[in-house]
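Enquirer: Below is a structure I'd like to ask you about.
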Amino acid sequence: MKFLTAGESHGPQLTTIIEGLPSQIPLTADDINPWLAKRQGGYGRGRRMQIETDQVQFMSGVRAGRTTGAPLTMVVENKDHRNWTEIMSPEPGNEPRKKALTRARPGHADLAGGIKYRHKDLRDVLERASARETTMRVAVGAVALKMLSELDITGVNYVSSLCDIDCNVPFSWDLLDAIEGSLVRCPDPEASQKMVERIDQAKKDGDTLGGILEVRFRNLPIGLGSHVHWDRKLDGRIAQAVMSVQAVKGVEVGYGFRGTRMPGSQVHDAIYREDGKGYYRLTNGAGGLEGGMTDGEDLVVRIALKPIATLMSPLPSIDVVTRQPADAALERSDTTAVPAAGVIMQCVIGLVLAEAILEKFGGDTLPEIQERVAEYRQFVTEY
């Protein structure tokens, strides 16, 4: 399964095409739109989220509420495009155009992209580099999550820390309602309140905040991925998918960096077995991945998200046209996107997992895959 996305932040629409999706997956817009809404939510988001109310439209690959096996095409309209029609027009002329961006923003793709593609109006970089692009990755990921749910595989995302405020409530799958009920997707009520206050202060200061997200999946079959080639190792593929999301600067699986401060006897997970249950662990330092493959325990991935690079109190920069010092350009932005970013991370990781399922079990239809997964789970129990 593979996909492409296209579209600019203020263009007419965002588009994606998914190839290789099995047929017979139950799928409607109601399976995708709630994920798009979650991506736009979370405390600390800016005014753009009030303008756009993302709704997906199927253009191909879905009929009568199920996938057909043909390429699946989805689009999301950019409602704000009506205010940018002249600026974003593909027709030649009228340059420099309104809202030309020439003062590169530190932390963004502006300067490197402008040099690489020889743009002096850095909006030609900004429009595609914008995190608005993740709208379609969430749409694609929502399709993958729907397929995984049909195989009894579920996931969750939550905020582990925001700036220097940590969640002090140990994770439990019983906390899903608390996560969904928190403005910042943190199951610790005390930490959640402190995070909200910190976001409010950062907004007053014209500053931005980053944090750490945690994504988990449970009930994954043992053996997704492979140890035999570098590009088939599931941890590497997950890391690439996560690191490709805007503002991500770090990723770890299981104990990750914490494990470097511990002896091996406290990091690795002893193996046990019971008849009728199969193999299991009492600890999960590996985060559900060993040797590039799932080991049957929960997949645990933590992601470091840097503070958003567009600051309302801008940093010093250079104007690429005049080549003179200037404050970095201002664009409508968020104070933090950490709570919303967890939704993106769950979707992009879900897509990697769905691809790994299709690689291992094959099949052109969902019923075939369900039968093969069920047979394999029974085999693993008896192994």
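The values are calculated or read from the model by the stated rules, or taken from the named source; none is laboratory data. All values reported here derive from a predicted model rather than from experimental measurement. Because the Cβ atoms are built from the backbone with ideal geometry, glycine has one as well, and the counts that use them run over all protein chains shown. When the accessible area is computed, the model is the full protein with side chains, heavy atoms only, and any ligands, DNA or RNA have been set aside. Shrake-Rupley method; radii C 1.70, N 1.55, O 1.52, S 1.80 Å.
Enquirer: Would you pick out the residues in the range 181-233 that are among the basic types (Lys, Arg) and within 30 Å of residue 372 (Cα to Cα)?
Expert: Step one: list which residues in the range 181-233 are among the basic types (Lys, Arg), which gives 185, 194, 198, 203-204, 216, 218, 232-233.
Passing the criteria: 216, 218, 232, 233.
Enquirer: Quick one: in the range 113-136, of everything that is of a type in the set (Ser, Thr, Tyr) and crowded, with 18+ Cβ neighbours inside 10 Å, which residue is nearest to residue 243 (Cα to Cα)? So that I can check it myself, show each step before the final result.
Expert: Applying the first criterion (of a type in the set (Ser, Thr, Tyr)) to the range 113-136 yields 117, 130, 134-135.
Adding the requirement that they be crowded, with 18+ Cβ neighbours inside 10 Å leaves 130, 134-135.
Details: 130: 15, 134: 13, 135: 16 Å.
For the range 113-136, the residue satisfying everything is 134.
Enquirer: State all residues of the range 72-100 that are part of a loop (DSSP other than H, G, I, E, B) and under 30 Å from residue 147 (Cα atoms); if no residue qualifies, say none.
Expert: The first filter runs over the range 72-100 and keeps only residues part of a loop (DSSP other than H, G, I, E, B), leaving 78, 84-100.
The one that is part of a loop (DSSP other than H, G, I, E, B) and under 30 Å from residue 147 (Cα atoms): 78.
Enquirer: Sticking with this structure for a sec: From the list 113, 41, 93, exactly one residue is touching a helix residue (DSSP H, G or I) at 6+ places or on another chain (Cβ under 7 Å) and free of Cβ contacts under 8 Å to residues at least 24 places away in the same chain. Which is it?
Expert: On the way: 41 fails: free of Cβ contacts under 8 Å to residues at least 24 places away in the same chain; 93 fails: touching a helix residue (DSSP H, G or I) at 6+ places or on another chain (Cβ under 7 Å).
Being touching a helix residue (DSSP H, G or I) at 6+ places or on another chain (Cβ under 7 Å) and free of Cβ contacts under 8 Å to residues at least 24 places away in the same chain holds for just one of 113, 41, 93, which is 113.
Enquirer: Yes or no: residue 160 of a type outside the set (D, E, K, R), within 16 Å of residue 337 (Cβ to Cβ) and surrounded by 15 or more Cβ atoms within 10 Å (Cβ to Cβ)?
Expert: So residue 160 passes the test.
Enquirer: Filter the range 1-23 down to residues that are in contact with a Lys or Arg (Cβ under 8 Å, 6 or more places away or on another chain), surrounded by fewer than 18 Cβ atoms within 10 Å (Cβ to Cβ) and not in a strand (DSSP E or B), then give me how many there are.
Expert: Within the range 1-23, residues that are in contact with a Lys or Arg (Cβ under 8 Å, 6 or more places away or on another chain), surrounded by fewer than 18 Cβ atoms within 10 Å (Cβ to Cβ) and not in a strand (DSSP E or B) number 1.
Enquirer: Also, I was wondering about something else. Scan (1) within 30 Å of residue 123 (Cβ to Cβ); (2) in contact with a Phe, Trp or Tyr (Cβ under 7 Å, 6 or more places away or on another chain) for the single condition residue 310 breaks and write down its number.
Expert: (2)
Enquirer: Being in a loop (DSSP other than H, G, I, E, B) and not aliphatic (A, V, I, L, M) is true for just one of 342, 363, 350. Which residue is that?
Expert: Details: 342 fails: in a loop (DSSP other than H, G, I, E, B); 350 fails: in a loop (DSSP other than H, G, I, E, B).
The unique qualifying residue is 363.
Enquirer: Looking at (1) at pLDDT 95 or above; (2) farther than 24 Å from residue 62 by Cα, which is the only condition residue 348 fails?
Expert: Only one criterion in (1) at pLDDT 95 or above; (2) farther than 24 Å from residue 62 by Cα is unmet by residue 348, namely (2).
Enquirer: Next question, about the same structure. Going through the range 185-226 one residue at a time, which ones are open to solvent by less than 60 Å² (accessible area, probe 1.4 Å), among the basic types (Lys, Arg) and part of a strand (DSSP E or B)?
Expert: Selection gives 216 alone.
Enquirer: Is it the case that residue 234 is crowded, with 16+ Cβ neighbours inside 10 Å and in contact with a Ser or Thr (Cβ under 7 Å, 6 or more places away or on another chain)? Give the derivation first.
Expert: Details: crowded, with 16+ Cβ neighbours inside 10 Å: yes; in contact with a Ser or Thr (Cβ under 7 Å, 6 or more places away or on another chain): yes.
Yes: the conditions hold for residue 234.
Enquirer: Please list, ordered by first then second residue, the pairs with beta carbon atoms under 6 Å, 6 or more apart or interchain, first in the range 150-179 and more than 30 Å from residue 22 (Cα to Cα), second surrounded by 19 or more Cβ atoms within 10 Å (Cβ to Cβ) and of a type in the set (Phe, Trp, Tyr).
Expert: Every condition considered, the pairs that remain are 179/158.
Enquirer: Here's a follow-up. Take residue 344 and decide whether it is buried (at least 17 other Cβ atoms within 10 Å of the Cβ), β-branched (Val, Ile, Thr) and touching a strand residue (DSSP E or B) at 6+ places or on another chain (Cβ under 9 Å). Write out each step before concluding.
Expert: On the way: buried (at least 17 other Cβ atoms within 10 Å of the Cβ): yes; β-branched (Val, Ile, Thr): yes; touching a strand residue (DSSP E or B) at 6+ places or on another chain (Cβ under 9 Å): yes.
Criteria met by residue 344.
Enquirer: Would you check if there is a residue in the range 278-290 being part of a strand (DSSP E or B), touching a residue at least 40 places away in the same chain (Cβ under 8 Å) and within 27 Å of the chain's Cα centre (by Cα)?
Expert: yes
Enquirer: Take residue 336 and tell me if it is surrounded by fewer than 20 Cβ atoms within 10 Å (Cβ to Cβ), in contact with a strand residue (DSSP E or B) (Cβ under 9 Å, 6 or more places away or on another chain) and hydroxyl-bearing (Ser, Thr, Tyr). Working first, answer last.
Expert: Numbers: surrounded by fewer than 20 Cβ atoms within 10 Å (Cβ to Cβ): no; in contact with a strand residue (DSSP E or B) (Cβ under 9 Å, 6 or more places away or on another chain): yes; hydroxyl-bearing (Ser, Thr, Tyr): yes.
So residue 336 does not fit the description; no.
Enquirer: Moving on. Say we look at the range 45-63 and pick out the residues that are at pLDDT below 95 and of a type in the set (S, T, N, Q); which of these is surrounded by the most Cβ atoms within 10 Å (Cβ to Cβ)?
Expert: Going through the qualifying residues, I end up with 53.
Enquirer: Specify which of the listed residues (69, 44) is under 30 Å from residue 195 (Cβ atoms) and in a loop (DSSP other than H, G, I, E, B). Show your work before the answer.
Expert: Working: 69 fails: under 30 Å from residue 195 (Cβ atoms).
None of the other options fit; the residue is 44.
Enquirer: Among the residues of the range 357-371, which ones are out of contact with any helix residue (DSSP H, G or I) (no Cβ under 6 Å at 6 or more places or on another chain) and open to solvent by less than 10 Å² (accessible area, probe 1.4 Å)? Full working, then the answer.
Expert: So the first thing to find is which residues in the range 357-371 are out of contact with any helix residue (DSSP H, G or I) (no Cβ under 6 Å at 6 or more places or on another chain), and the list is 357-360, 362, 364-368, 370-371.
357, 366 - these are the residues of the range 357-371 that are out of contact with any helix residue (DSSP H, G or I) (no Cβ under 6 Å at 6 or more places or on another chain) and open to solvent by less than 10 Å² (accessible area, probe 1.4 Å).
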